[in-house]
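Below: one structure in structure tokens.
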Amino acid sequence: MKKRVISVLLILILLSSVLPITSAAVDGLSYFNRVNTYQSGRFTDIATSDWYAAYVQAAYEYDLINGKTDKTFEPESPLTVAEAIKLAACIHSIYYTGSANFSNAELWYEPYVAYALENGIIDEAYSDYSAAATRADFAMILAGALPAEALAAKNTVEASAVPDVPMDASYCDAVYLLYRAGVLTGSGQTRVFLPNSTIKRSEASAVVVRMVNASFRQGLTLTAKLTAQEIYDKCSPAVFYIKIYDIKDTAIKTGSGFFIDGNGMAVTNYHVISGAARAVITTYNGEEYEVSGVYDTDKINDLALIQVDGSGFSYLEMGDSDAIKTGADAYAIGSPLGFKNTFSQGIISSASRVILGVDCIQTTAAISSGSSGGALLDSTGKVIGVTTMTAVDAQNINIAVPINMVGTLDDSKPVTLASILPDTKYYKDYYPVPDFGAFAGASVYKTENILGETFYYYRVDDLSMPVEGALGEYAQLLEENTFQLYGYAVADGGIITYYINSAYNLLVSFGLTEIDGVEFVEISIIPAS
């Protein structure tokens, strides 16, 4: 019985030791007092009608941000990285000790940097402390100045609800912490964060005052679902138009693609870059960049992971295509028929549609020729698919490759486009018509030229593969060389298949024929009229 009583008392002692720590941490905000007197007209460049006037006054009274001179505050001037670290160090020190006493140094900011590193406010030193701090820099630095309990959430801000803050960004956690605490509120109706823009002294005043005085914190609710206009504004800068050139540097086809990181890694369809010796992309603002290489391709799922030569690109946040539901809203952005950044809206008409053994997404969001490689987006603006094809003579049957398939591609090392070109042999004087004999392992039996149309004949018995398979694979080879199916005809009881290449103005047909009772494959080439 005695042991039992001791155990109960011990538990009570342990529990009681936890409570004062939490209570003291919350009370840390009470250490922030107004120590300076701010009189109207203190700064000649601050008007009482300015949105930030009350924040500038409070920041001055709390002795956190003073003027640039005795008479001016310079509200539009950018805050430097050093100044941001000083603010965070002072806030941290006051919160935990009630004061912010820092020694002087040859470089004025060194004591603050050392304190910030020692106390985990920043993880590593910055290369340039005199540089203007971006809003992303400022959020990460300030978020470390107070403990989590002093930045308790008062707002509902769903994941992915801040339109221009990718969930995998290094600054994401800090931004969402401060949004949810009411310290950050964003800009405009969509509450964008503008992570790469510099932080002004006026804006910094608002942030630090909300940090140290919870009564200044702002209420808001941000849901992840965006309007169609918001999705277009957020996502269209990440989608581009792509033009493909062959080994003769002839433009042979166009398509679409989109960035998945800011350093030029991008996604398109395999059939878009197939046959490319060179490719050039055009961004939403008209700037052109070379495709410097390709990481990996997936012919079956029609995907390609490419590298664009450049940096600082807007990019799309990856969604989860396994989680989409039939009936959900869907949006497509691409360049159909060369009309760059065309936007369409629809629904997911089938979250999982198997086509030719491949799992696809079916959508009513309209796509057309040239949309291949574009982005299929969900209602949060995340990319869930790669638009790839549409059904001819059907109503709103459009197909996308699930975005999760991109994760199966190897992104370790890109190679040049030219290095992955197939080793295809072409008919002399008829580039890019693949040489059927070289492909099928047969010598040409004879050739004829009738009224400008050239015929090549190959004995079926000479082929290195079954004739049906040879003709089917030859059709695929034509398509890889940017020929499109033109139609069929019946001649002498056999079916003749026609393919056309508009870039080179060539019409190719192939089929079976008989000569003196012997079966031949007939290939004909004629300039298209």
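The values are calculated or read from the model by the stated rules, or taken from the named source; none is laboratory data. These figures come from a predicted structure and were not determined experimentally. Positions of Cβ are backbone-derived with ideal geometry, glycine not excepted, and every protein chain shown enters the neighbour counts. Each accessible area value is taken on the protein alone, full model and side chains, heavy atoms only, with ligands, DNA and RNA left out. Shrake-Rupley method; radii C 1.70, N 1.55, O 1.52, S 1.80 Å.
(1) under 25 Å from S197 (Cβ atoms); (2) surrounded by 15 or more Cβ atoms within 10 Å (Cβ to Cβ): which one isn't true of D128, the others all being true?
(2)
Then there is this: Are any of the residues in region 81-96 open to solvent by less than 40 Å² (accessible area, probe 1.4 Å), under 35 Å from the mean Cα position of the chain (by Cα) and more than 22 Å from V183 (Cα to Cα)?
Taking every residue of region 81-96 in turn, none turns out to be open to solvent by less than 40 Å² (accessible area, probe 1.4 Å), under 35 Å from the mean Cα position of the chain (by Cα) and more than 22 Å from V183 (Cα to Cα).
Follow-up question, since we're still on this one. I need the full set of residues from region 376-411 which are under 18 Å from the mean Cα position of the chain (by Cα) and in a loop (DSSP other than H, G, I, E, B), in order please.
Within region 376-411, D378, S379, T380, G381, K382, L409, D410, D411 qualify.
While we're looking at this one, here's another question. Looking only at region 355-378, filter to residues that are β-branched (V, I, T) and either touching a residue at least 40 places away in the same chain (Cβ under 8 Å) or in contact with a His (Cβ under 7 Å, 6 or more places away or on another chain) (or both); which one of those is least open to solvent (accessible area, probe 1.4 Å)? So that I can check it myself, show each step before the final result.
Filtering region 355-378 down to residues β-branched (V, I, T) leaves 355, 358, 361, 363-364, 367.
If we keep only those that are either touching a residue at least 40 places away in the same chain (Cβ under 8 Å) or in contact with a His (Cβ under 7 Å, 6 or more places away or on another chain) (or both) too, we end up with 355, 358, 361.
Working: I355: 50, V358: 22, I361: 1 Å².
Checked region 355-378; the qualifying residue least open to solvent (accessible area, probe 1.4 Å) is I361.
Sticking with this structure for a sec: How about region 26-47: which of its residues are surrounded by 13 or more Cβ atoms within 10 Å (Cβ to Cβ) and either without any contact (Cβ under 8 Å) to a residue 24 or more places away in the chain or outside any helix (DSSP H, G or I) (or both)?
Matches in region 26-47: F32, R34, N36, Y38, R42, F43, D45, I46.
Answer yes if at least one residue in region 287-302 is in a strand (DSSP E or B), touching a strand residue (DSSP E or B) at 6+ places or on another chain (Cβ under 6 Å) and among the hydrophobic types (A, V, I, L, M, F, W, C), and no otherwise.
yes
Yes/no matrix, rows are residues, columns are (1) touching a Gly at 6+ places or on another chain (Cβ under 8 Å); (2) buried (at least 16 other Cβ atoms within 10 Å of the Cβ); (3) part of a loop (DSSP other than H, G, I, E, B); (4) β-branched (V, I, T):
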residue	(1), (2), (3), (4)
T447	no, no, no, yes
Y456	yes, yes, no, no
Y474	no, yes, no, no
E479	no, no, no, no
L485	no, no, no, no
Y498	yes, yes, no, no
Y504	no, yes, yes, no
V508	no, yes, no, yes
I526	yes, yes, no, yes
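Going through I231, I252, I199, I242 one at a time, which residue ends up being over 24 Å from F339 (Cβ atoms) and not small (G, A, S)?
I199
Of the conditions (1) touching a Pro at 6+ places or on another chain (Cβ under 9 Å); (2) open to solvent by less than 60 Å² (accessible area, probe 1.4 Å); (3) not basic (K, R), S349 clears all except one; give me its number.
Here S349 clears every test but (1).
What residue, among those in region 495-529 that are hydrophobic (A, V, I, L, M, F, W, C) and over 22 Å from K428 (Cα atoms), is nearest to the chain's Cα centre (by Cα)? Can you show your working first?
Let us first name the residues in region 495-529 that are hydrophobic (A, V, I, L, M, F, W, C), namely 495-496, 500, 503, 506-508, 510, 512, 515, 518, 520-521, 523, 525-526, 528.
Next, from what is left, pick out any that are over 22 Å from K428 (Cα atoms): 495-496, 512, 515, 518.
On the way: I495: 46, I496: 45, L512: 49, I515: 58, V518: 58 Å.
Going through the qualifying residues, I end up with I496.
Let me ask something else about it. For region 261-282, name all the residues that are closer than 18 Å to A251 by Cα and not small (G, A, S).
Result: T268, N269, Y270, H271, V272, I273, R278, V280, I281, T282.
Go through (1) in contact with a Lys or Arg (Cβ under 9 Å, 6 or more places away or on another chain); (2) hydrophobic (A, V, I, L, M, F, W, C); (3) open to solvent by less than 20 Å² (accessible area, probe 1.4 Å); (4) over 19 Å from D137 (Cβ atoms) for A53 and report which single condition fails.
Only one criterion in (1) in contact with a Lys or Arg (Cβ under 9 Å, 6 or more places away or on another chain); (2) hydrophobic (A, V, I, L, M, F, W, C); (3) open to solvent by less than 20 Å² (accessible area, probe 1.4 Å); (4) over 19 Å from D137 (Cβ atoms) is unmet by A53, namely (1).
Shifting gears a bit: Kindly indicate the residue of region 289-346 that is open to solvent by 50 Å² or more (accessible area, probe 1.4 Å), among the aromatic types (F, W, Y) and under 22 Å from N398 (Cβ atoms) and also farthest from the chain's Cα centre (by Cα) among those meeting that condition.
F339
When you check S464 against the structure, is it open to solvent by 60 Å² or more (accessible area, probe 1.4 Å) and touching a helix residue (DSSP H, G or I) at 6+ places or on another chain (Cβ under 7 Å), yes or no?
So S464 passes the test.
I need a count of the residues in region 229-240 that are in contact with a strand residue (DSSP E or B) (Cβ under 7 Å, 6 or more places away or on another chain) and open to solvent by 30 Å² or more (accessible area, probe 1.4 Å).
Result for region 229-240: 1.
Considering every residue within region 433-442, establish whether at least one is of a type in the set (F, W, Y), over 25 Å from A251 (Cβ atoms) and open to solvent by 60 Å² or more (accessible area, probe 1.4 Å).
No; the residues of region 433-442 include none that is of a type in the set (F, W, Y), over 25 Å from A251 (Cβ atoms) and open to solvent by 60 Å² or more (accessible area, probe 1.4 Å).
While we're here: Please tell me if F483 is at pLDDT below 95 and either in contact with a Leu (Cβ under 9 Å, 6 or more places away or on another chain) or basic (K, R) (or both).
Here the answer is yes, as F483 does meet what is asked.
Now, a different point. Considering only residues that are under 24 Å from T390 (Cβ atoms), open to solvent by 10 Å² or more (accessible area, probe 1.4 Å) and over 17 Å from the mean Cα position of the chain (by Cα), which ones fall in region 245-269?
A251, I252, K253, T254
Further, regarding this structure: May I ask you to verify whether I273 is touching a Lys or Arg at 6+ places or on another chain (Cβ under 8 Å) and open to solvent by less than 20 Å² (accessible area, probe 1.4 Å)?
No, not satisfied.
Of all residues in region 163-220 being closer than 22 Å to A58 by Cα and free of Cβ contacts under 8 Å to residues at least 12 places away in the same chain, which is surrounded by the fewest Cβ atoms within 10 Å (Cβ to Cβ)?
Applying the filter and picking the extreme gives S215.
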